[in-house]
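Below is one structure, written out as structure tokens; the observations come after it.
The values are calculated or read from the model by the stated rules, or taken from the named source; none is laboratory data. Treat the numbers as computed from the prediction; the structure is a model and nothing was measured. Cβ placement follows ideal geometry from the backbone for every residue including glycine, while neighbour counts extend to all protein chains displayed. For the accessible areas, the whole protein counts, side chains as well, though only heavy atoms, and no ligand, DNA or RNA atoms are used. Shrake-Rupley method; radii C 1.70, N 1.55, O 1.52, S 1.80 Å.
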Amino acid sequence: MTPTGSWQKSSFSGGGDGSNCLELSSTPTTLHLRESDTPTTVLTTTPTTLAHLLAGIRARAVPGQA
């Protein structure tokens, strides 16, 4: 399912021309993420799955993380 709402720019993306930022859109059950320089490539996940990934990154439990 592709997002039908508007895309929101990440507050961590900073200012400037807006060509280098992470954008988020959501439906009631999914999150959609994309980079502004490749807007046709969309990562779709659920809030729970993304929360687990972020917790693993913060705990340095994700393989390959320095």
Residues that are open to solvent by 70 Å² or more (accessible area, probe 1.4 Å) and part of a loop (DSSP other than H, G, I, E, B), drawn from region 22-46: 28, 29, 37, 40, 41
Tally of residues being surrounded by fewer than 14 Cβ atoms within 10 Å (Cβ to Cβ) and either of a type in the set (Gly, Ala, Ser) or modelled with pLDDT of 90 or more (or both) across region 1-21: 9
